[in-house]
Ligand SMILES: C[S@@+](CC[C@H](N)C(=O)[O-])C[C@H]1O[C@@H](n2cnc3c(N)ncnc32)[C@H](O)[C@@H]1O
């Protein structure tokens, strides 16, 4: 006889129907967050794009599954899923996920086990048992599961992960970031971009220890969470190349100067612009956050879908495409105008102003008033000051 579940209600998302506890959100006995629908939609499209580019069938593990909604959506909405492994340590979650597997006609494809995530992943680390995709969707940080996920992936497989522990990743609790990710974070105006870079840096250094490399396909920050989707590749020389993309952020809180440098270039403690003291976040990912050929494929999949939040999702992927090759470490109009004590020009005016002054300039999804540019801080501030003066005149 199965475990007694609380009263349930059916929710519909993508192409699946899922039973979730009919209880108020904070006390729900099995976790379910409707706000993560966008993240699940985008992940479905990442898998569709990955499968379309690669061909073949997919084996997927979602070892922190709760109701099973994420993994079940993958099996129902992505073609060619031959195996889906779901697990959770909560007996109620396992019971509910089993009910949902049955409800969605996935018996024979999906299995649900009550087992600790690392243990499930370890059981698939032998070369002949490795998986095509692992999705880590934990409470807070995915750090405790990254190494076992990498070990369970075959060469060319996909690691997808969510992080919701913004305070450490954004430099509000740097000590926690140091403990959890082995990296120093900083609370800068572009903290969400830094959070994604720090998370990718952690995955890259963990992969390197296993002679593996990562290639970020799609990474973003949205609402309260960060998501990464990286392809993993086996081989010591690939891992060495990947390590070259680790580096340090040097940030001057006096003038706002920022730069990404290789780890070996770390020493200088003085800002080259104003002589102020340099603060450091390290190690972080210096490389691209998305693959410029992969994101358009995800965008196309979203465009073809009939997802409820399609408009928002397409807006996100369009911006990701725009900023795919933009310089890192964006500025924000809020911080610039606070420094200059001036009124705020529009984002479009600033982007145009920078471009007509000969700089690259792009919007960024990381901040509604963020600008990625190759202009140095003083040039960026000058363009804004001029625009503000014109506006006031
Ligand atoms: C954020 S929820 C998962 C949400 C789910 N993926 C979704 O899309 O709705 C995290 C789940 O991980 C489970 N969990 C926490 N630690 C675990 C561990 N070490 N191994 C397996 N499951 C774990 C919790 O019981 C919880 O159900």
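The values are calculated or read from the model by the stated rules, or taken from the named source; none is laboratory data. What you see is a predicted model; the values in this text were computed from it and never measured. So basically every Cβ, Gly included, is an ideal-geometry build from the backbone, and we count neighbours across all protein chains shown.
The condition of being modelled with pLDDT under 95 and touching a strand residue (DSSP E or B) at 6+ places or on another chain (Cβ under 6 Å) holds for only one of 264, 280, 232, 290, that being 280. Going by the conditions given, is residue 19 more than 9 Å from the ligand (Cβ to nearest atom), part of a loop (DSSP other than H, G, I, E, B), farther than 27 Å from residue 299 by Cα and touching a helix residue (DSSP H, G or I) at 6+ places or on another chain (Cβ under 8 Å)? Judged against the criteria, residue 19 is not a match. Output the residue which, of all residues in the stretch 76-88 that are part of a strand (DSSP E or B) and out of contact with any helix residue (DSSP H, G or I) (no Cβ under 6 Å at 6 or more places or on another chain), is nearest to the ligand (Cβ to nearest atom). By that ranking, first place goes to 85. Residue 195 satisfies every condition listed in (1) modelled with pLDDT of 95 or more; (2) out of contact with any helix residue (DSSP H, G or I) (no Cβ under 6 Å at 6 or more places or on another chain) except (2).
Across the stretch 374-393, what is the total count of residues that are surrounded by fewer than 18 Cβ atoms within 10 Å (Cβ to Cβ) and outside any loop (DSSP other than H, G, I, E, B)? Count: 9. The residue that is farthest from residue 50 (Cα to Cα), among those in the stretch 136-168 that are more than 10 Å from the ligand (Cβ to nearest atom) and in a loop (DSSP other than H, G, I, E, B), is 165. Scanning the stretch 22-55 for residues that are within 12 Å of the ligand (Cβ to nearest atom), in contact with a strand residue (DSSP E or B) (Cβ under 6 Å, 6 or more places away or on another chain) and at pLDDT below 95 gives 28, 29, 30, 32.
Among the residues of the stretch 117-129, the one identified as out of contact with any helix residue (DSSP H, G or I) (no Cβ under 8 Å at 6 or more places or on another chain), surrounded by fewer than 17 Cβ atoms within 10 Å (Cβ to Cβ) and in a loop (DSSP other than H, G, I, E, B) is 126.
If you go through the stretch 91-113 and keep only what is surrounded by 16 or more Cβ atoms within 10 Å (Cβ to Cβ) and within 11 Å of the ligand (Cβ to nearest atom), you end up with 92, 93, 94, 96, 97, 100, 113. For the stretch 169-188, which residues satisfy the criterion of being more than 16 Å from the ligand (Cβ to nearest atom) and in a helix (DSSP H, G or I)? Within the stretch 169-188, 169, 174, 175, 176, 177, 178, 179, 181 meet the criteria. Just one of (1) closer than 18 Å to residue 368 by Cβ; (2) surrounded by 15 or more Cβ atoms within 10 Å (Cβ to Cβ) fails for residue 328. It is (1). Here residue 73 passes the criteria (1) over 18 Å from the mean Cα position of the chain (by Cα); (2) within 18 Å of residue 227 (Cβ to Cβ); (3) outside any helix (DSSP H, G or I) except the one numbered (3).
Only residues that are assigned to a loop (DSSP other than H, G, I, E, B) and surrounded by 14 or more Cβ atoms within 10 Å (Cβ to Cβ) were counted across the stretch 343-373, and they come to 7.
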